[in-house]
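Let me begin by presenting the structure, written as structure tokens, before commenting on it.
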Amino acid sequence: MNHLYQRHFLRLFDFNALELKSIIKLAQKLKKNKQNNTEIQLLQKKNIVLIFEKESTRTRCAFELAAFDQGAHVTYLGPGSTHIGQKESISDTAKILGRLYDGIQYRGHDHKKIEILADNSNVPVWNGLTKKFHPTQLLADLLTIQEIYPNKKFHEITCAYVGDASNNIGNSLLEAALLFNFTLRIIAPKKYWPEKKILKLHQENQKNYPSNIIYTENIQKGVKNVDFIYTDVWMSMGESQDNWEKRIQLLRPYQVNTSMLDMTNNPDIKVLHCLPALHDQHTEIGRNLSKKYGFDNGIEITHDVFQKNEDIIFQQAENRLHTIKAILISSLLQKISL
Ligand code: CP
Ligand code: NVA
């Protein structure tokens, strides 16, 4: 019996560590099968709908390709292309889509919206990113960490998260550290630490999940001897562009650059980034910010550090496909036989 069958996945805490590990294990198998050209289509005759109220490259492609590889059909509903919130409530939308489809992916702003969607849907709802959480990203990150250190247990891993720790990646990483018991150092100005409710959740779960999580503004202390430094953009989708000035003022010292890497004291330090990244002048936002605020080598991460770590960063991105495929199979099939 597959315990994940028909379950919603809105945040990592919806599943326990064993269940999440089973998804990662399945993703490893699926990745191997795809590479060996031995993939079996388990999702034929399944239909899924993807609602995107924000832009996406990786998440959309990963859901679509995962479905195509597995024989399922996909409907993509892009930003502004549905009645949601204008002429139709999210709960009515859930009821109609649940009658038509076997599963619903939602990427949007307010996390409350996906909770309403899930409460009113009789089919699984997967969170493809909300302001608060990005759980499918973390599945890919955990698979990547495991691939890099196949002989290490998660509790032997130390990861620093540097930058805007109050965003969906910061919050999800915190849940991952609690569930998987790895050491997490959250390094950011206090203003950008995870929101109070999430911190409280950490305190409440400290006894059940004895992972080592610290919050600090001190970069030198925070990054010392870590295995990974993880960062994300300083301004997430949907936030007001007017915030840039304040963000840059506070976050500038937290840029991931060679001097931060030197502070780790780890010659084998590895950098993770969920992407997209502002690491060069080939994006409109990157160019504008560089010009306005005088950055000459990337914003949240410098180009040299990005390039040196890009194999790992793009491995993370590729793993979105395999892990999303695993979550689709896990929630849509009562019995999984590969
Ligand atoms: N990392 C991630 O979710 O990328 P997209 O915004 O391209 O989906
Ligand atoms: N924090 C980022 C993650 C992008 C994948 C955002 O929400 O825009």
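The values are calculated or read from the model by the stated rules, or taken from the named source; none is laboratory data. Please read these numbers as outputs of a predicted model, since none were measured by experiment. Because the Cβ atoms are built from the backbone with ideal geometry, glycine has one as well, and the counts that use them run over all protein chains shown.
Listing for the model above:
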item: Strands (runs of 3 or more DSSP E) enclosed by the stretch 26-115 - at least 1 residues per element that are touching a residue at least 40 places away in the same chain (Cβ under 8 Å); result: 47-52, 103-107
item: Unique match (being surrounded by fewer than 18 Cβ atoms within 10 Å (Cβ to Cβ) and closer than 22 Å to Asp14 by Cα) among Ser91, Ser121, Ser81; result: Ser91
item: Residue within the stretch 317-336 that is within 16 Å of ligand 2 (Cβ to nearest atom) and closer than 30 Å to Asp242 by Cα present; result: yes
item: Residue within the stretch 76-85 that is under 30 Å from Asn37 (Cβ atoms) and in contact with a strand residue (DSSP E or B) (Cβ under 6 Å, 6 or more places away or on another chain) present; result: yes
item: In the stretch 244-256, the residues that are within 15 Å of ligand 2 (Cβ to nearest atom) and free of Cβ contacts under 8 Å to residues at least 60 places away in the same chain; result: Trp244
item: Any chance Ile248 is part of a helix (DSSP H, G or I), among the aliphatic types (A, V, I, L, M) and surrounded by fewer than 22 Cβ atoms within 10 Å (Cβ to Cβ); result: yes
item: Glu64 vs. criteria surrounded by fewer than 21 Cβ atoms within 10 Å (Cβ to Cβ) and within 13 Å of ligand 1 (Cβ to nearest atom); result: yes
item: Residue in the stretch 271-305 that is farthest from ligand 2 (Cβ to nearest atom), counting only those that are surrounded by 21 or more Cβ atoms within 10 Å (Cβ to Cβ) and under 16 Å from Ser56 (Cα atoms); result: Leu278
item: Gln220 being away from ligand 1 (no atom under 16 Å from the Cβ), surrounded by fewer than 16 Cβ atoms within 10 Å (Cβ to Cβ) and without any contact (Cβ under 8 Å) to a residue 24 or more places away in the chain; result: no
item: Residue list for the stretch 126-143, restricted to those being part of a helix (DSSP H, G or I), touching a strand residue (DSSP E or B) at 6+ places or on another chain (Cβ under 8 Å) and closer than 17 Å to Ile114 by Cβ; result: Pro135, Thr136
item: Members of the stretch 144-200 that are assigned to a strand (DSSP E or B), in contact (Cβ under 8 Å) with a residue 40 or more places away in the chain, in contact with a helix residue (DSSP H, G or I) (Cβ under 7 Å, 6 or more places away or on another chain) and within 14 Å of Asp227 (Cα to Cα); result: Ala160, Tyr161, Val162, Arg185
item: The stretch 1-21 residues that are closer than 15 Å to Leu333 by Cβ and touching a residue at least 12 places away in the same chain (Cβ under 8 Å), paired with ones that are part of a helix (DSSP H, G or I) and of a type in the set (Asp, Glu) (beta carbon under 9 Å, 6 or more apart); result: His3/Glu19; Leu4/Glu19; Arg7/Asp14; Arg7/Glu19
item: Of all residues making up the stretch 226-243, the number that are within 14 Å of ligand 1 (Cβ to nearest atom), surrounded by fewer than 22 Cβ atoms within 10 Å (Cβ to Cβ) and either under 12 Å from Gly170 (Cβ atoms) or modelled with pLDDT under 95 (or both); result: 1
item: Looking only at the stretch 18-70, and only at residues there that are farther than 12 Å from Ile327 by Cβ and among the acidic types (Asp, Glu), the one that is farthest from ligand 2 (Cβ to nearest atom); result: Glu39
item: Criterion: closer than 20 Å to Gln137 by Cα, surrounded by fewer than 18 Cβ atoms within 10 Å (Cβ to Cβ) and away from ligand 1 (no atom under 16 Å from the Cβ) - qualifying residue of Glu195, Glu204; result: Glu195
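The rows are residues; the columns are (1) within 16 Å of ligand 2 (Cβ to nearest atom); (2) closer than 26 Å to Phe180 by Cα; (3) not in a helix (DSSP H, G or I).
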{"position": "Gly238", "(1), (2), (3)": "yes, no, yes"}
{"position": "Asp242", "(1), (2), (3)": "no, no, no"}
{"position": "Asp262", "(1), (2), (3)": "no, no, no"}
{"position": "Pro267", "(1), (2), (3)": "no, yes, yes"}
{"position": "Gln307", "(1), (2), (3)": "no, no, no"}
